[in-house]
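Below is one structure, written out as structure tokens; the observations come after it.
None of the figures in this text is laboratory data; all of them are computed from the coordinates on show. These figures come from a predicted structure and were not determined experimentally. Here Cβ is always computed from backbone atoms with ideal geometry, including for glycine, and neighbour counts include all displayed protein chains.
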Amino acid sequence: MSECTMIEAIRMALSRALDENPDVVIFGEDVGIDGGVFRATDGLAQRYGASRVRDTPLSEAVIAGMAVGAAAHGMRPVAEIQFTGFLYPALDQLANHASRLRNRTRGRLTCPMVLRAPYGGGIKAPEHHSESIEAMLAHIPGLRVVIPSSPARAYGLLLAAIRDPDPVVFLEPKRVYRAIREPVEDDGVALPIDQAIVLREGADATLVAWGAMITDAREAADQLAELGISVDLIDLASLKPIDRGTIRSSVEKTGRCVIVHEAPLTAGLGAEIAADLAEHCLTSLLAPIRRVTGFDTVMPYPRLEAHYMPDTARILKAVHDVMEFA
Amino acid sequence: MPTQPDHQIPDITVFLDPAGYPVHELPEFSRDREALVEMYSAMVKTRTFDAKAISLQRTGRLGTYASSLGQEAIAVGIASAMTKEDVLLPSFREHGAQLWRGVSLEELFLYWGGDERGNDFANARQDFPVCIPVASQFPHAAGVGLAIVQKDEPGVAVAIGGDGATSKGDFYEALNVVGAWMLPVVFVIANNQWAISVPRLDQTRARTLADKAVAAGIPGEQVDGNDVIAVREATERALTRARNGKGGTLIECLTYRLGDHTTADDASRYRDDEDVSPHWSEEPLVRLRAYLVAHHGWAKEDEETLLRDCRDQIEKAAETYLATPPQPAQAIFEYLYADQPQDLIAQAGEMDDV
């Protein structure tokens with residue numbers, strides 16, 4: 001088993017999917033000979049041919065819309081949007097078609113497609129390259145939204161997404177692409193697509209995060225452990241549908257919850273999780289639920305980006321607040 | 001018809017003039033009385049369905065409905081050129097094409113009556129349902145074309161939209177990829193001169209809508225959309241081209257929207273009867289009937305029998321539709337995902353609890 005980065009794990013999963021299913025076809029901007037701007041598809045066009053790994057014209061609406069048409073006609077398209085900032089023209093296809101086709105035809109036509117897109121900040125990218133728009137996507141009925149937080153989870157979740165019979169938006173935290181190495185076995189084993197992952201068990205508080213925020217949350221958990229505070233660290237992984245059961249069970253045990261996300265505060269998924277806990281776990285709560293999130297601001301340009309990003313210090317403060325409350 | 005080289009806009013393809021006189025030698029398929037009667041009958045059936053749908057809507061028994069009055073030749077012309085392997089991606093005014101392809105009258109009534117089961121076609125299983133967001137069906141057609149190429153299937157994807165749809169990015173973007181990838185796709189624009197209240201000349205300054213194919217590097221041509229023979233002939237040529245690996249075609253069918261945009265529209269707000277009335281002499285049923293009468297002995301009794309058959313079929317289908325109970329309430333949860341997630345199971349339970 002070799003150690004690899006998330007981008008390598010994604011490439012491994014894509015390659016595995018191309019091997020195991022002739023209906024899998026990859027397309028997007030620069031995914032062919034160039035191997036994608038982040039190299040997620042590096043070498044795949046050369047290995048599987050230009051008909052299975054296709055460079056599209058520069059048209060996000062068509063990338064998503066073509067994926068809908070191809071999926072409905074028996075393919076398993078894995079399409080790439082280069083950055084989430086360029087995903088908006090594809091929203092029409094996701095909201096009006098991909099997510100609805102099964103429902104509106106009562107199961108006659110389905111849409112087993114994956115739309116991959118790097119998302120999130122922290123790498124000093126140009127404007128329109130760093131936003132976190134998962135809440136917008138998670139609000140769409142019929143869609144799945146999945147975010148991996150490590151190389152191994154990227155491998156297992158991407159395979160699950162490609163094998164899933166319904167449309168999945170697979171958001172990749174680009175800050176993690178090359179930041180972490182871990183052992184990933186190319187064994188073709190998928191992770192469950194709709195389950196949160198408990199990364200660490202503790203007694204005093206529950207930390208819920210996803211994507212790149214898992215790195216900061218884990219660092220916070222390490223520092224808290226040194227102070228004798230132990231936390232459940234939950235990687236949400238599936239943002240639609242949400243595995244509410246795992247979060248509720250944890251909070252029923254710990255009585256405290258801090259939710260961390262990079263996306264803006266208002267109407268973010270933290271609000272959904274907090275509301276769910278308020279509805280179902282009120283009597284277990286020892287302290288108010290806290291959210292540590294990006295601000296309701298436009299994503300700052302790189303020079304001010306660090307001020308926007310939730311970090312270990314903000315997470316620690318929130319956990320200390322809930323610990324001090326009760 | 002002489003074959004035109006790619007990238008030039010040929011003259012408008014037409015075989016029968018508005019009075020039903022042939023202006024060119026008719027294509028092979030239209031020399032057969034039976035074939036012509038089949039197309040004529042399909043257009044009459046479409047128009048009869050239209051009248052019934054409107055009357056059901058006016059009496060509160062059907063939802064908002066988009067009439068295809070005057071555009072029957074486009075739907076029937078396209079569908080009659082297609083084979084079973086081809087895939088139809090309609091907009092929302094191509095009832096005649098859906099019927100020809102095997103979608104039932106009951107299914108059409110169900111769909112327009114607000115029941116998703118109307119899209120679960122018993123036949124034409126690969127065809128797409130009606131597409132309401134204008135032009136968003138064109139990228140799907142490119143995707144179906146891609147699937148056809150990848151699977152080495154014999155079919156062609158045929159997408160239909162209106163004149164307004166050609167102003168949308170989806171249309172240009174899909175046309176472009178069909179050109180770039182030489183996909184087996186035919187785009188048909190049913191140019192009925194009106195996008196709700198906006199007339200064709202306010203929609204675009206383009207000389208023709210077929211001209212828009214030039215930007216995608218594929219052939220575009222104009223067809224008399226009120227001549228079902230012309231629509232079928234042009235579609236057959238485009239399908240053959242696509243099947244032979246020569247890529248996509250854009251066909252602009254010129255017609256006129258004789259009715260309101262939908263039953264929710266009142267066209268008198270933006271156009272006068274004097275604008276509309278001249279177009280009644282050009283509508284597609286009159287000319288084919290005139291030709292059938294003159295050349296194939298289509299008699300008054302034939303016409304009456306056909307009308308009675310259509311009415312009987314449609315009345316029966318309407319009765320079946322009206323007698324079909326709605327789906328159980330839980331159906332709203334059941335088709336979102338292949339496997340119902342816990343979230344939806346819980347919400348479905350909440351609905352039951354009340």
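Grab the other residues whose beta carbon is less than 12 angstrom from that of B:Ala323, score K and R as +1, D and E as -1, and report the net.
0
Given a cut-off of under 8 Å on Cα pairs at least six residues apart, what relative contact order in percent is computed for chain B?
24
How big is the equivalent ellipsoid of chain A along its three axes, where each semi-axis is √(5λ) from the Cα gyration tensor, reported in whole Å from largest to smallest?
Value: 33, 21, 19 Å, ordered largest first.
Looking at the stretch A:2-184, send over the antiparallel percent of its DSSP beta bridges, to the nearest 5.
Percentage antiparallel, nearest 5: 15.
Does anyone have the angle between helix A:269-280 and the longest principal axis of chain A? Alpha-carbon axes, 0 to 90°, nearest 10?
For A:269-280 against chain A, the angle is about 50 degrees.
With a ≥ b ≥ c the root eigenvalues of the C-alpha gyration tensor of chain B, is it rounded (a/c under 1.5), prolate (a/b larger than b/c) or oblate?
oblate
Taking the Cα atoms only, what angle lies between the long axis of helix A:213-226 and the longest principal axis of chain A, rounded to 10 degrees?
Here the helix axis deviates by roughly 30 degrees.
Within chain B, which complete DSSP H helices have Cα atoms spanning at least 27 Å along the helix axis and a mean Kyte-Doolittle hydropathy of -1.0 or higher?
Within chain B the helices that satisfy the rule are B:33-58.
Please give the net charge around B:Arg47, taking every other residue with its beta carbon less than 12 angstrom from that of B:Arg47, where Lys and Arg add +1 and Asp and Glu add -1.
+1
Would you mind checking the tilt of helix A:244-254 against the longest principal axis of the Cα atoms of chain A, expressed as 0 to 90 degrees and rounded to 10?
20
What average number of partner chain Cβ atoms lie no more than 10 Å from the Cβ of the residues making up B:162-175?
Values: counts 0, 0, 0, 0, 0, 0, 2, 6, 7, 0, 3, 11, 7, 1.
So the per-residue partner count for this stretch is 3.
Estimate the FRET efficiency between A:Tyr88 and B:Ala206 by the formula 1/(1 + (r/R0)^6), using the beta-carbon distance for r and 30 Å for R0, to the nearest 0.05.
Numbers: r = 27 Å, r/R0 = 0.89.
For A:Tyr88 and B:Ala206, the calculated efficiency is 0.65.
Quick one: Karplus J couplings for the stretch A:162-171, per residue in order, coefficients 6.51, -1.76, 1.60, θ = phi - 60°, nearest Hz, x for Gly and Pro?
Working through the residues one at a time gives 5, 7, 5, x, 10, x, 10, 9, 10, 9 Hz.
Could I have the simple spin-label model distance between A:Glu226 and B:Ala299, label points 7 Å from Cα toward Cβ, reported in nm to one decimal?
10.3
How far apart, in nanometres, would the label points at B:Lys151 and B:Val23 be if each is projected 7 angstrom from Cα along the Cα-to-Cβ direction?
4.1
Taking only C-alpha pairs under 8 Å that are 6+ residues apart, what is the relative contact order of chain A in percent?
Values: 740 pairs, mean separation 53.0, N = 326.
Taking the mean separation of contacting Cα pairs over the length of chain A, I get 16 percent.
Would you pull out the residues with amide H under 5 Å of A:Thr293's amide H, same chain only if 5 or more places away, H placed 1.01 Å from N?
Counting only residues 5 or more places away or on other chains, the set is A:His261.
With an 8 Å Cα cut-off and a minimum separation of 6 or more residues, compute the relative contact order for the stretch B:18-151 in percent.
21
Could you work out the local net charge near A:Ser284, counting Lys and Arg as +1, Asp and Glu as -1, over the other residues with Cβ closer than 9 Å to its Cβ?
Working: positive: A:Arg248, A:Lys253; negative: A:Glu252.
Cβ neighbours under 9 Å give a net charge of +1.
If you count the DSSP beta bridges with both ends in the protein assembly as shown, what percent of them are antiparallel, to the nearest 5?
20
Given 0.36 nm per residue, what is the gain on full extension from B:Val37 to B:Ala215 after removing their alpha carbon distance, in nm?
Working: separation 178, 0.36 × 178 = 64.08 nm, distance 3.86 nm.
Contour length minus the Cα-Cα distance gives 60.2 nm.
Let me see the P(r) profile for the protein assembly as shown: every Cα-Cα distance counted, bins of 20 Å, each bin given as a percent of all pairs.
18, 44, 28, 9, 1
For a quick protection proxy, order the peptides A:58-68, B:325-335, A:130-140, B:231-241 by their average other-Cβ count within 10 Å, most packed first.
Descending packing order for the listed peptides: A:58-68, B:231-241, A:130-140, B:325-335.
Between A:His280 and A:Ser51, what is the label-to-label distance in nm when each label sits 7 Å out along the Cα-to-Cβ direction?
4.8
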